[in-house]
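The block underneath contains the structure these notes are about, expressed in structure tokens.
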Amino acid sequence: NEPKLKEVFADCFQIGAAVNPRTIQTQEELLAYHFNSITAENEMKFVSLQPEEGKFTFGDADAIVDFAKRYGMQVRGHTLVWHNQTTDWLFEDRAGGLVSKETLYARMKEHIHTVVGRYKEHIYAWDVVNEVIADEGQALLRESKWTEIAGIEFIAKAFELAHEADPNALLFYNDYNESNPLKREKIYRLVQLLVEQGAPIHGMGLQAHWNLYGPSLDDIRAAIEKYASLGLQLQLTELDVSMFAFDDKRADLKEAPAELIELQAQRYEQMFKLLKEYKDIIGAVTFWGAADDYTWLDNFPVHGRKNWPFLFDDRHQPKPAYYRVAEVA
Ligand code: XIL
């Protein structure tokens, strides 16, 4: 049997995967063999945990934590504050208008204390705030109900509340397009601000939704160097390497072409070589899935399109990318 990724990289970083209630069954063997950390793909998002005010639904999240316990895996929590997959009731009063900042903070407190408190013994790190930086333009923050009600302040507030609930948890800011020169400057500014304010933030998550053609290794390196200068732990939190450039609209490939499989292997090898250089700063590398039979990139952003972004194929067999990555360590 092939070397286990978690053992191959034991001296570098944890090897993680996003899972869901289906994949902990269909990919159980693969997950248990190669991975020593998991993240719930959707099951710990606001809408999953508190769809109605005061009615918490922990079933799927608990099952994922139990799975991790069974196999001695670490768990990353994802995510407490985000503009997506969050219920409208959080921001609204009975008449459907926006609530005051005080009401929003009271609801945040209830949610964050309940959720982070529940998993205190089992979740060692939380993505406290996800994707608040604006992709384009001069504005620092993405516009959302969060900013409408509470400006920039809700961000530090979320970290404080999570820290109250579990003083031992590592608290992360997480974002995508993190290697893009413009956006990485903005992400840096936000996190620098939080650090200067003394907010309890301990890490930065680079989602790392990358593809065969970008970002460049230079941009990845620049991002790692820049973020590392803040003195926080870094993690890759949602790594996948799409077979398609972001603006590629093709939807007619039934199988992954051999030349793309080879290109992907080269790309993964180069990335892991680079990541290994920063093993003292990077605590974990988490893939946003485990094998090509299931990825959120199927149908996104192009409907009807299959994708093959991982190290293992749809039958859970190692791809060329797996062997190159395993050799890097
Ligand atoms: C995605 C899930 O993978 C999908 O199943 C869901 O429909 C949408 O969210 N950035 C994040 C993740 O932080 O939470 C997202 O996960 C992918 C992008």
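Laboratory data are not the source of any read-out in this text; all were calculated from the coordinates shown. Fair warning: this is a prediction, and the values are worked out from it, not measured in the lab. All Cβ positions, even for glycine, are placed from backbone atoms using ideal geometry, and neighbour counts span all protein chains on display.
If you take the alpha carbon atoms of the range 243-329 and fit the smallest convex hull around them, that volume is 104 Å³ per residue.
Structural size metrics of the range 93-195, computed from C-alpha coordinates, are Rg and Dmax of 14.7, 43 Å.
Based on alpha-carbon centroids, what's the gap between the range 160-239 and the range 1-73 in Å, whole number please? When both Cα centres are located, 22 Å separates them. Zone of Leu253 (label point 7 Å along Cα→Cβ, backbone N under 17 Å): which residues in the range 301-329? Answer for this model: 301-315, 319-322. Here the contact order of the range 93-202, divided by its residue count and restricted to Cα pairs under 8 Å and six or more residues apart, works out to 32 percent.
With contacts taken as Cα pairs under 8 Å and at least 6 residues apart, the chain reaches a relative contact order of 17 percent.
Under a 5 Å amide H cut-off, with hydrogens placed 1.01 Å from N, Asn211 pairs with Ser242 among residues at least 5 apart or on other chains.
Rounded to the nearest 500 deg cm²/dmol, what is the calculated helix-only ellipticity per residue at 222 nm for the chain, with -39500 (n - 2.57) per DSSP H run of length n ≥ 4? Write down the numbers at each step before the final one.
Details: 12 runs with 126 residues, N = 329.
When only DSSP H runs of four or more count, the value is -11500 deg cm²/dmol.
Over the chain, the ratio between the Cα radius of gyration and 2.2 N^0.38 Å evaluates to 0.97.
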